[in-house]
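Novice: What follows is a single structure, and I will ask about it in a moment.
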Amino acid sequence: MNNDPWRVRFRREDELVEQLQAQLLEAAERRGAALAEGLVELGTVYKVAKEVGKSYTATSNAIKKYRSEGRTTE
């Protein structure tokens, strides 16, 4: 059993949540970059989605988000 006061536990867990959210955003950016590279290689979102086993919509949205943030694969 953890004997730390609830405020200490809350702060510790809140910091962890913030770190995990930052890591998630970074991973989503890298994932979008990879999917955008797949689009260049394979030519269509459909082919990329099929290759990675994800839905067309999820794949398309990830690529659009990556590109809308001003990033390119070039």
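Novice: Before we move on, is Arg11 more than 27 Å from Lys64 (Cβ to Cβ) and either surrounded by 11 or more Cβ atoms within 10 Å (Cβ to Cβ) or at pLDDT 95 or above (or both)? Steps first, please.
Specialist: On the way: more than 27 Å from Lys64 (Cβ to Cβ): yes; either surrounded by 11 or more Cβ atoms within 10 Å (Cβ to Cβ) or at pLDDT 95 or above (or both): yes.
When the stated conditions are applied, Arg11 passes them.
Novice: Which residues, counting only those in the range 1-59, are in a loop (DSSP other than H, G, I, E, B) and of a type in the set (Gly, Ala, Ser)? Explain how you work it out, then say what you get.
Specialist: As a first pass, look at the range 1-59 and keep what is in a loop (DSSP other than H, G, I, E, B): 1-5, 43-44, 53-55.
Scanning the range 1-59 gives Gly43, Gly53, Ser55.
Novice: Cβ-Cβ below 9 Å, separation at least six or inter-chain, first residue in the range 26-50 and in contact (Cβ under 8 Å) with a residue 24 or more places away in the chain and closer than 20 Å to Glu69 by Cα, second outside any helix (DSSP H, G or I) and hydroxyl-bearing (Ser, Thr, Tyr): which pairs?
Specialist: Short answer, once both residue conditions are applied: Ala33/Thr73; Ala36/Thr72; Ala36/Thr73; Glu37/Thr73; Leu39/Thr73; Val40/Thr73.
Novice: Another question, if that's okay. On the given criteria, is Lys54 surrounded by 14 or more Cβ atoms within 10 Å (Cβ to Cβ), modelled with pLDDT of 95 or more and under 19 Å from the mean Cα position of the chain (by Cα)? Step through it out loud before you land on a result.
Specialist: Working: surrounded by 14 or more Cβ atoms within 10 Å (Cβ to Cβ): yes; modelled with pLDDT of 95 or more: yes; under 19 Å from the mean Cα position of the chain (by Cα): yes.
Yes; evaluated as a whole, the condition is true for this residue.
The values are calculated or read from the model by the stated rules, or taken from the named source; none is laboratory data. Because the structure is a prediction, the values reported are computed rather than measured. Glycine also receives a Cβ, built like all others from the backbone with ideal geometry; neighbour counts cover every protein chain displayed.
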